[in-house]
1. Considering the range 571-598 alone, what residues qualify as being open to solvent by less than 20 Å² (accessible area, probe 1.4 Å), touching a Leu at 6+ places or on another chain (Cβ under 9 Å) and within 16 Å of ligand 2 (Cβ to nearest atom)?
2. Kindly provide the set of residues from the range 374-385 that are more than 18 Å from Arg216 (Cβ to Cβ) and in contact (Cβ under 8 Å) with a residue 40 or more places away in the chain, ordered by number.
3. For the range 173-194, give me each residue that is within 16 Å of ligand 1 (Cβ to nearest atom) and not β-branched (Val, Ile, Thr).
4. So which residues in the range 238-273 are on the phi > 0 side of the Ramachandran plot and open to solvent by 10 Å² or more (accessible area, probe 1.4 Å)?
5. Need a quick list: strands (runs of 3 or more DSSP E) entirely within the range 388-458 having at least 2 residues that are within 16 Å of ligand 1 (Cβ to nearest atom) and surrounded by 22 or more Cβ atoms within 10 Å (Cβ to Cβ).
6. Out of His451, His456, His490, which single residue is out of contact with any helix residue (DSSP H, G or I) (no Cβ under 8 Å at 6 or more places or on another chain) and in contact (Cβ under 8 Å) with a residue 60 or more places away in the chain?
7. In the range 173-217, what residues are aromatic (Phe, Trp, Tyr) and either buried (at least 24 other Cβ atoms within 10 Å of the Cβ) or at positive phi (or both)?
8. Which members of the range 173-193 meet the condition of being in contact (Cβ under 8 Å) with a residue 40 or more places away in the chain and part of a loop (DSSP other than H, G, I, E, B)?
Amino acid sequence: MMHGKAKGVILGVLMALVAACARGRATPVAGLPAEAQTVIRERGLSPEDVVAALRTYMPGGKYDEYVMFSSGGHSGQVLVIGIPSMRLLKVIGVFTPEPWQGYGFGEKGTLEVLAEGFARGKPLLWGDTHHPALSETEGEYDGQFLFINDKANARLAVIDLRDFETKQIVKNPNAISDHGGGFVTPNTEYVVEGPQYAAPIGWEYAPLDQYKDKYRGLLTFWAFDRQKGRVDLDRSFQIELPPYWQDLCDAGKKVSYGWVFCNSINTEMATGGIEEGNPPFEAGTAKNEMDYLHIINWKKAEELIRAGKYEVINGIKVIRLETAAREGVLFFAPEPKSPHGVDVAPGGEYIVVGGKLDPHVTIYSFEKIQKAIAAGNFERDPFGVPVLRFEDVKEAQVELGLGPLHTVFDDKGYAYTSLFLDSAVAKWSLGGPYRKDGAEPWKLVEKLPVHYNIGHIAAPEGDTVSPDGKYVVALNKWSVDRFQPVGPLHPQNFQLIDISGGKMRLLYDMPIGIGEPHYAQIIKADKLKPFLVYPEIGWNAVKMAKDPNATEAGRERVEVREEGGRRVVEIWMTAVRSHFKPERVKVRKGDHVIWHITNIERARDATHGFALGGYNINLSLEPGETATIEFDADQSGTFPFYCTEFCSALHLEMMGYFLVEP
Ligand code: K7E
Ligand code: CUA
């Protein structure tokens, strides 16, 4: 039951809101208050609920202001979500075949993309995606490409944002797992793939008692060719690192352009082995008060590559650790304590490291780092890497609470850090050039509880040179009691938080039905310029060019020929509402089948599917697309093929027979 006073407050808020709405719109919303009151009463909504609903509700046909690209964790996919409505717009198949998009279910081009990512020929059909990275121009998202890493298998995928499809997967030839990727340099010169669990370079075997000598970290700079939309292996290179379990990385920008920063978590070089009387990993890696922030000069590394100071290992150039340490490519600065997350401030002046086991974020000054390097004020670690003095390079430390991990920024000189153990978002003030409002610099301002166990945090353009403010999204690992139970595996929980006012306000809980998302990036929606239909009939979606086997209406045909002692049947088919042409395809058991299908539609959303039961084949043919399948007709029988998209009133009739004679 609601008290009279509470009702009065709600009504007051609502009337004020309605009045505000009426002012901002051409037509006042007549008749709303009475019904709204009923809804508020019946649903037991608080004034905060009402405001949150008004801030996130998106009327049909209206678009969100922002689009969030979230990792899909070990689903191996990427999620595309509108902000502020938190509506799921798409799930992009990346490391995992995705049947609706016809990704990896017979379509030759996508099978080739997936196969590029196999490890020494061994099929890998899932990935653990952690960090999506939008392509950047001068430190701003440009809306052209999205990159994402696979932690489990040390791979990087390239998604073209003209059609939101995966175009390339590169397998790291020298690492078997990674973590600190993908992160782009400010003009997408490189996509950085940081290492994590140290292992011998090139997946060689070495016993753990040779850890210090044989195990290494490996930082990869994948050169990106924007014209081709592909990673260019020839211009890519790697830097060998000590086996310190480098964790997250971020690229310097503006004043720190040309540098990359990575935190690390096992400078103890623990190797586990509790069963042999050693400390377990979680204790062994947490002995030291300080680990090392890795400070890497990638412009200098490029010079070394040009000067030939590298070795080629498994087809990629590698700058050896000794060279990197000697030639001014690699420096360390102490960082407390088994930290997680390194994030560069918008202007590049500061590097923020989340303490994880330490309640502070530590802020490093890039200028101080440069001074300390120039002054030669360092000792060297056992691998010869210069270690700068903490007091020389530290700008500030801000005590935030338990488990600080990741940080994003707004447009008003504030930073937002996720606190995993506190289950909270901490807002704190930056100093230096960011302090124009007279607020005290380097100070905790506010903490907002989130639900629960927040990992990453994301903000609109919040890791670029010009963050937008307005919102942050908490990417929570646990939801516990926030949603209708669906069995013991609970959804993850994304929470939208309004940061536009003085105080942070929780607006929305979004359950994520796949897991486990890590990082996300949020881009202004108007920067995305996707195709609405493919630009020409006969478009090859992997090559992003007209396909030589594009088939026009009236040019459909079947050809049979002998090749290498077997019969090859090649089919050029069209799909249009509501038929495939030809409708009958007849082969003999053992024939090799090459089948091109072109969707000749030009209408927006007129997608046809192509399912062939018994052969594990399903295609998605978007308007204009040509796809090719190639297989051996190794089972005889009668196989209906049909369209899997309900495309017209005669969709059920959009089918044909694939007849395989015994
Ligand atoms: Cu913090 Cu992989 Cu970026 Cu998960 S990582 S949370
Ligand atoms: Cu085409 Cu259904």
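1. Ala575, Ile597, Thr598
2. First pass over the range 374-385, keeping only residues more than 18 Å from Arg216 (Cβ to Cβ): 374-379.
Hit for the range 374-385 is Phe378, nothing else.
3. Residues of the range 173-194 within 16 Å of ligand 1 (Cβ to nearest atom): 175, 177-184, 191-194.
Residues satisfying the conditions are Ala175, Ser177, Asp178, His179, Gly180, Gly181, Gly182, Phe183, Glu193, Gly194.
4. Of all residues in the range 238-273, those on the phi > 0 side of the Ramachandran plot come to 245, 254, 258, 269, 272-273.
Result: Trp245, Lys254, Met269, Gly273.
5. Values: elements: 394-399, 404-409, 414-419, 424-429, 443-449, 454-458.
Output list reads 404-409, 414-419, 424-429, 454-458.
6. Details: His451 fails: in contact (Cβ under 8 Å) with a residue 60 or more places away in the chain; His490 fails: in contact (Cβ under 8 Å) with a residue 60 or more places away in the chain.
Going through His451, His456, His490 in turn, just one is out of contact with any helix residue (DSSP H, G or I) (no Cβ under 8 Å at 6 or more places or on another chain) and in contact (Cβ under 8 Å) with a residue 60 or more places away in the chain: His456.
7. First, pick out the residues of the range 173-217 that are aromatic (Phe, Trp, Tyr): 183, 190, 197, 203, 205, 211, 215.
Result: Phe183, Tyr190, Trp203.
8. First, the residues of the range 173-193 that are in contact (Cβ under 8 Å) with a residue 40 or more places away in the chain: 173-176, 178-188, 190-193.
Pro173, Asn174, Ala175, Ile176, Asp178, His179, Gly180, Thr185, Pro186, Asn187, Thr188, listed by residue number.
The values are calculated or read from the model by the stated rules, or taken from the named source; none is laboratory data. Predicted, not measured: the structure shown is a model, and the values here were computed from it. Quick reminder, even Gly has a Cβ in these numbers, built from the backbone with ideal geometry, and neighbours come from all protein chains shown. The protein model used for the area step is the full one, side chains on, heavy atoms only, and it has no ligands, DNA or RNA in it. Shrake-Rupley method; radii C 1.70, N 1.55, O 1.52, S 1.80 Å.
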